[in-house]
Each structure stands twice: as C-alpha cells, then as structure tokens.
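> Take a look at this one; I'll ask things after.
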Amino acid sequence: MTLMSQAQFARHLGQNPAHITRLKQKGMLVMRQGKVDVEASEKLIDQLKDPTKQAVAERHAEAREQKQAVASAEPPADMAADLSGKAGSVYQQSRALKEKYNAMAAKRDYELSTGKLLVADDVVRVVTNAATVVRQRLESLPDVLAPQFAAETDEQRIRAVFFDQIESLLGEMSRQFYKLPSSNL
C-alpha cells in the first residue's frame with residue numbers, strides 16, 4: 001500500500017491539485033491517515049469514471065504526455081495504461097439499471113393508456129364502493145322482502161321476487177365496476 005499526499009498524487013496522475021480535490025469531494029479517493037492510498041484510489045477512479053468521457057481523458061493524457069516529452073528529453077511513460085482497466089463498469093451498471101427503469105415506466109404508461117393497467121387507488125375506491133352497496137342492499141333485503149312474502153303463497157312468485165332483487169343487486173355492483181377509468185369489465 002503506497003500512501004501519498006494529495007499534491008504528490010496529482011503529480012503521479014499528471015493532474016493539477018484542484019482535480020484531486022474534486023475527486024476527494026466526490027468520494028473517489030481512498031484516504032488513510034490523511035494521505036491518498038494510491039492503488040485503492042486508482043482502482044476506485046477506474047470503476048467510477050464515466051466511459052462516455054474516455055475520449056476526452058485520452059486526449060488530455062496525450063497532451064500531458066507531449067508536454068512531458070518536450071520538457072524532458074526522455075520518452076514519457078504510458079499514462080493511458082495506468083488509467084486503463086474496468087473503465088466505468090459501475091457507471092455502466094448504473095446506467096443499465098436506469099434504462100431498465102425507464103423502459104418499465106414507459107411500459108406502465110402505455111398499459112395505463114390502453115386500459116390494460118389500472119391505478120391501484122382507483123380500483124380500491126371502486127371496489128370499496130361496490131362492496132358497500134352490496135352490503136347495504138343485502139342488509140335491507142329482509143325489510144324489503146318480508147312484507148312481500150308475508151302474504152305470498154306462490155313459490156314461483158317468491159322465486160321471481162328473489163331473482164329480481166338479486167339481479168338488481170348484481171346490476172348495481174356491475175355499474176360500480178364500470179366507474180373504473182378505462183374499464184373494459
């Protein structure tokens with residue numbers, strides 16, 4: 001484990017100290033005892049860097065190499081190799097997850113617009129209202145039917161009255177369900 005000051009780490013990467021300060025603020029540096037853990041920080045930077053900006057980073061690295069080559073007569077070290085590795089794997093995973101959720105949201109919106117999917121709050125409200133209507137009608141059946149059946153002796157007539165009441169109740173329940181938006185029930 002190699003530890004360096006932030007200024008040393010900036011020189012090591014060929015960056016200015018302000019860049020290293022920004023990396024630290026973004027949580028992209030591994031600090032130990034107030035110093036930068038070089039290997040761990042380089043690995044973390046590789047994991048978190050945006051691969052869409054790789055071309056810009058390579059262009060800047062090349063410009064830095066050229067500056068160093070002019071300043072010293074020796075050929076520059078290959079800095080791009082130091083920065084290679086799993087370029088943006090964490091970023092790519094995050095981006096893929098974001099795209100998946102965007103696709104799922106688009107699918108939900110489409111299914112809502114075509115009526116294949118309903119808003120849960122709307123369904124709960126309509127079903128609750130329908131259940132309330134059914135309960136009230138069932139509770140009132142004895143009061144409605146008792147006077148009609150008290151004097152009735154014809155079994156067929158009693159069945160017909162029961163059938164009419166049940167049919168009316170089911171029709172009311174069906175009307176409640178048709179109150180759902182985009183309902184095809």
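> Checking the cross-link filter: which aspartates and glutamates have an alpha carbon closer than 20 Å to that of Lys24, excluding same-chain neighbours under 8 positions apart?
Asp37, Glu39, Glu42, Asp46, Asp50, Asp82
> Calculate, in nm to one decimal, what Ala55 and Gln33 gain on full extension: separation in residues at 0.36 nm each, minus their alpha carbon distance.
Fully extending the segment from Ala55 to Gln33 adds 4.5 nm.
> Pick the calculated Cα extents along the principal axes in Å for this structure from (1) 49, 39, 29; (2) 119, 36, 22; (3) 41, 39, 29?
Entry (2).
> What is the ratio of the Cα radius of gyration of the range 120-177 to 2.2 N^0.38 Å, with N the residue count, to two decimals?
The range 120-177 yields a ratio of 1.39.
> Suppose R0 equals 30 Å; then what is the FRET efficiency for Gln136 and Phe163 from their Cβ-Cβ distance, rounded to the nearest 0.05?
So, using R0 = 30 Å, E works out to roughly 0.90.
> While we're here: With a point put 7 Å past each Cα toward its Cβ, work out how far Ala63 is from Ala120 in nm, to one decimal.
Going from the Ala63 label point to the Ala120 one covers 5.2 nm.
> Further question on the same structure: Using a Cα-Cα cut-off of under 23 Å, which lysines could be cross-linked to Lys98, ignoring same-chain neighbours fewer than 8 residues away?
Filter leaves Lys26, Lys49, Lys53, Lys86, Lys107.
Bear in mind that the values in this text are calculations on the coordinates, not laboratory data. Predicted model only: the values in this text are computed from it and were never measured. Every residue, glycine as well, gets a Cβ built from its backbone with ideal geometry; the counts of neighbours run over all protein chains shown.
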